[in-house]
Amino acid sequence: MLSLVLFANSGQDTLKQINIDLAGVKLIDVDKINNRAHLEVLFNVTNPTTITSTIPSINYDLFVNGKHLGSGHYSTEDIAMAGRAPLFPSSTVTFTNTFELVDTDQISNEYQSIINGQLVSYKVTGQVTVESAWTLITRDFESTFG
């Protein structure tokens, strides 16, 4: 039994090599009546290892020009591991997530910049969970775009 536990934990350092980057943020639509917009947040996940894995969840905070817009969550945790998008060795997969942006007094200038298509700088901070057949890790990440 001890050897099984040691074998399962041996992959943790390998899974820590998997990298996540913010690949872009796109405006999907704007609801001017309710002062809301939907953004598509794109994450590139690169697997430089020899282990096939999956990404069951990404929890993140989205910032624009240094202002916190809110939190987002990508999840496939309710899907069996075999049904999730595989992250094959030496590959990059793009994961997308819809983020609901609500115009508030605190971020009104940033909201207007986004919906008017002005150049802005995005940043995400968060945690990504990486899972292989034998082990699972959660690690922090930070990335910028624009």
Item to check | Qualifying positions in the range 35-51 - of a type outside the set (D, E, K, R) and over 20 Å from Glu142 (Cβ atoms) | outcome: Asn35, Ala37, His38, Thr49, Thr50, Ile51
Item to check | Members of the range 29-78 that are open to solvent by less than 70 Å² (accessible area, probe 1.4 Å), of a type in the set (D, E, K, R) and over 18 Å from the mean Cα position of the chain (by Cα) | outcome: Asp29, Asp31
Next on the checklist: Given the condition in a loop (DSSP other than H, G, I, E, B), open to solvent by less than 50 Å² (accessible area, probe 1.4 Å) and at pLDDT below 95, answer yes or no: does some residue in the range 114-129 qualify?
Outcome noted: no
Item to check | Test set (1) surrounded by fewer than 16 Cβ atoms within 10 Å (Cβ to Cβ); (2) in contact with an Asp or Glu (Cβ under 9 Å, 6 or more places away or on another chain) - Val102 fails condition number | outcome: (2)
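The values are calculated or read from the model by the stated rules, or taken from the named source; none is laboratory data. Model, not experiment: these values are computed from the prediction. All Cβ positions, even for glycine, are placed from backbone atoms using ideal geometry, and neighbour counts span all protein chains on display. Just so you know, the surface numbers come from the protein's heavy atoms only, side chains and all, with ligands and any DNA or RNA stripped out. Shrake-Rupley method; radii C 1.70, N 1.55, O 1.52, S 1.80 Å.
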